[in-house]
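A.B. asks: Got a structure for you, questions after.
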Amino acid sequence: MEAEQPSDLGTLYALAQAATEEFSLLDVEFTAAGSGIETAAREWICDEFCFVASAYGFADADAEVLTAGRDW
């Protein structure tokens, strides 16, 4: 968890979108190496974003918004 929990849903979405960008960069590296993030792993990662949102107290967070902009 972050040192400070997000105060609202917008802040949570911003944190999640920054993490999503990191996964996109990782996928670029995997692709360059002849691999990629597999479908099952993509679904699992998205589920984990929802788990973290719930742990922060945002059980109503939209999974699509949490991982908006993903390239994987």
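A.B. asks: Any residue at all in region 65-72 that is open to solvent by 60 Å² or more (accessible area, probe 1.4 Å), part of a loop (DSSP other than H, G, I, E, B), in contact (Cβ under 8 Å) with a residue 24 or more places away in the chain and among the charged types (D, E, K, R)?
C.D. replies: Yes: one or more hits.
A.B. asks: With Ala59, Ala53, Ala16 as the choices, which residue is in contact with a helix residue (DSSP H, G or I) (Cβ under 8 Å, 6 or more places away or on another chain) and outside any helix (DSSP H, G or I)? Working first, answer last.
C.D. replies: Values: Ala53 fails: outside any helix (DSSP H, G or I); Ala16 fails: outside any helix (DSSP H, G or I).
Going through Ala59, Ala53, Ala16 in turn, the sole match is Ala59.
A.B. asks: Based on this model, can you work out whether Ser24 counts as part of a loop (DSSP other than H, G, I, E, B) and out of contact with any helix residue (DSSP H, G or I) (no Cβ under 9 Å at 6 or more places or on another chain)?
C.D. replies: On the way: part of a loop (DSSP other than H, G, I, E, B): no; out of contact with any helix residue (DSSP H, G or I) (no Cβ under 9 Å at 6 or more places or on another chain): yes.
So Ser24 fails the test.
A.B. asks: Would you tally the residues in region 15-72 being closer than 22 Å to Ala3 by Cα and touching a Lys or Arg at 6+ places or on another chain (Cβ under 8 Å)?
C.D. replies: 2
The values are calculated or read from the model by the stated rules, or taken from the named source; none is laboratory data. Worth saying up front: this structure is predicted, and the values here are computed from it rather than measured. When we count neighbours, we look across all protein chains shown, and the Cβ atoms used for this are built from the backbone with ideal geometry, even at glycine. Protein only, heavy atoms only, side chains kept; ligands, DNA and RNA dropped before computing areas. Shrake-Rupley method; radii C 1.70, N 1.55, O 1.52, S 1.80 Å.
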